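Below: one structure, written as structure tokens.
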Amino acid sequence: MTVYSAKKIFVESMPVVTVSVVIGLVAGVVLESWVKTLVSIPFLLMLIPPLNKMGGDFGIVISSRLSTALHLGTVRPKLEPNPVLTQNLLGVLAVALASSAYVALAVYASAALAGVPTLPPHQVLILCMLVGGVLSLTIVATGVVCAIASYAYGWDPDNTVIPIVTSVADVVGVVSLMALVRALAIA
Amino acid sequence: MGEARRIFAQGFPAEAIAITLELLAGFVLVSMASSLEKITGLLILIPAFLEMRGDISGSYASRLGTALHQGIIAPELTLSDELKQNLLGTYALALAESLLIGFAAYAVCLLLGFPNPSLPTIVAISLLAGVLSSVLMTGLVTASAIFVYSRGLDPDTVLGPYINTMGDVVGMLSLFLAVLVVGGWL
């Protein structure tokens, strides 16, 4: 008898992977309905993987840190003002702001180097800061709720919460990107 | 202010590295632009496919980390029974989810009236990319986890943050290749 069983891995992972795939399909539908815009402004396509990655990471960081704090008892499983929670939120939001600016810089510079037509630099910065802001606030809120839920139900956040917050980040990321592209009259 | 500052000091450099690597996935996506327009449903399956890739590779890597620490899997590149069960479970999961993603993307196209979706094209791309990325990712993750562990480092800490990014890059490359192959066939 082996410690690991392929069947057990399959059966235990299937439900949560399926939920995150289904949420991912929602993000895909948003993208597909904008396919003409995305293909005519390929620079927008370049923004999608780093923005989605960033959103997912903030969700992972806040929910893992909070789960640990809940287990240690430094945060109670209630939505109340708490210095540990405040410090965590401030820290993650600071990373979010700096990272959004970095995405703007990195995508703009690499697209320019590779000869992919870019948008004007001020538009790229505004777009990334606004998407990053909306994304990090929503994902941090989702992460806090998921961490408290995972603690209450005794789930390991690595197995359940992380796949969910990362796919929620995909949806919020593409929806806010496309909404802002429209609001700023980029397309 | 101490804790928030520490989170920033540790978090931002790691995030900047991840974003930099993620630029590669963006470039692959851009180079697929004309296929995205031609193959209805291709764009629908991309986020779901990358999610699946990240979830499955992430849990494979964290199981491997635990198994190395507990001595269930030895830090050498041999196909032990324990490793075989882990690989089988991972492959079965990726196959099932890739099929599901292909069929679901097609169904969504029909439901929402996106023009002329092709079931064989979309399922073949998803399945082929699923197989390709599974083989590449398990190879990459297994080799790097064993390497990191045999150097006395903890794979969970050293590799963990980069598994998703590696998954996105390998996933996008596999989709790119699958589109080339399936596009050549059909």
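The values are calculated or read from the model by the stated rules, or taken from the named source; none is laboratory data. Since this is a predicted model, take the numbers as computed values, not measurements. Every residue, glycine among them, receives a Cβ derived from its backbone with ideal geometry; neighbour counts consider all protein chains shown. For the accessible areas, the whole protein counts, side chains as well, though only heavy atoms, and no ligand, DNA or RNA atoms are used. Shrake-Rupley method; radii C 1.70, N 1.55, O 1.52, S 1.80 Å.
Some notes on this structure:
- The value obtained for the protein assembly as shown, namely the Cα convex hull volume divided by the number of residues, is 146 Å³ per residue.
- Helix axis angle, A:161-183 relative to chain A longest principal axis, alpha carbon, degrees: 20 degrees
- Counting protein heavy atoms only, chain B has 69 percent of its accessible area on carbon and sulfur, 1.4 angstrom probe.
- Reduction of at least 20 Å² in accessible surface, 1.4 Å probe, comparing all protein chains with the chain by itself, residues of the range B:46-63: B:47, B:48, B:51, B:55, B:63
- Diffusion constant of chain A at 20 °C, which comes from Stokes-Einstein with the Kirkwood Cα-pair radius and 1.002 mPa s, µm²/s: 120 µm²/s
- For the chain pair A and B, buried accessible area totals roughly 4900 Å², probe 1.4 Å, rounded to the nearest 100.
- Residue A:129 versus residue A:33: modelled label distance in nm, points set 7 Å from Cα along the beta carbon direction: 3.0 nm
- Angle in degrees between helix A:121-153 and the longest Cα principal axis of chain A, rounded to the nearest 10: 10 degrees
- Estimated purely from DSSP H runs of n ≥ 4, each contributing -39500 (n - 2.57), the mean residue ellipticity at 222 nm for chain B is -29500 deg cm²/dmol once divided by its residues.
- Adding -39500 (n - 2.57) for every DSSP H run of four residues or longer, then dividing by how many residues chain A holds, sets the calculated 222 nm ellipticity at -29000 deg cm²/dmol.
- Cα gyration tensor, the range B:2-185 - rounded (a/c under 1.5), prolate or oblate: oblate
- Neighbour net charge for residue A:26 - beta-carbon separation under 14 angstrom, K R +1, D E -1: -3
- Accessible surface, per residue, of the range A:48-183 when the full set of protein chains is kept, probe 1.4 Å, Å²: 41 Å²
- Seen from residue B:137, the other residues with C-beta closer than 12 Å to its C-beta sum to a net charge of -1, counting Lys and Arg as +1 and Asp and Glu as -1.
- With DNA, RNA and ligands ignored, accessible area of residue B:8 (1.4 Å probe; Å², nearest 10): 70 Å²
- Simple spin-label estimate for residue B:77 and residue B:116 in nanometres, 7 Å along Cα-Cβ: 4.6 nm
- Solvent-accessible area per residue for the range B:2-185 (1.4 angstrom probe, square angstrom): 42 Å²
- Dipole magnitude of the range A:48-183, debye to nearest 20 (Cβ charges: Lys/Arg +1, Asp/Glu -1, about Cα centre): 180 debye
- Span-like helix ranges in chain B, DSSP H, alpha carbon extent 24 angstrom or more, Kyte mean at least 1.6: B:119-150
- Taking only protein heavy atoms and a 1.4 Å probe, the accessible area of the range A:1-107 is 72% carbon and sulfur.
- Taking a Cβ cut-off of under 11 Å around residue B:149, the surrounding Lys, Arg, Asp and Glu residues balance to a net charge of -2, with basic ones at +1 and acidic ones at -1.
- Net length gained if the chain between residue B:34 and residue B:84 were fully extended (0.36 nm per residue, minus Cα distance): 14.1 nm
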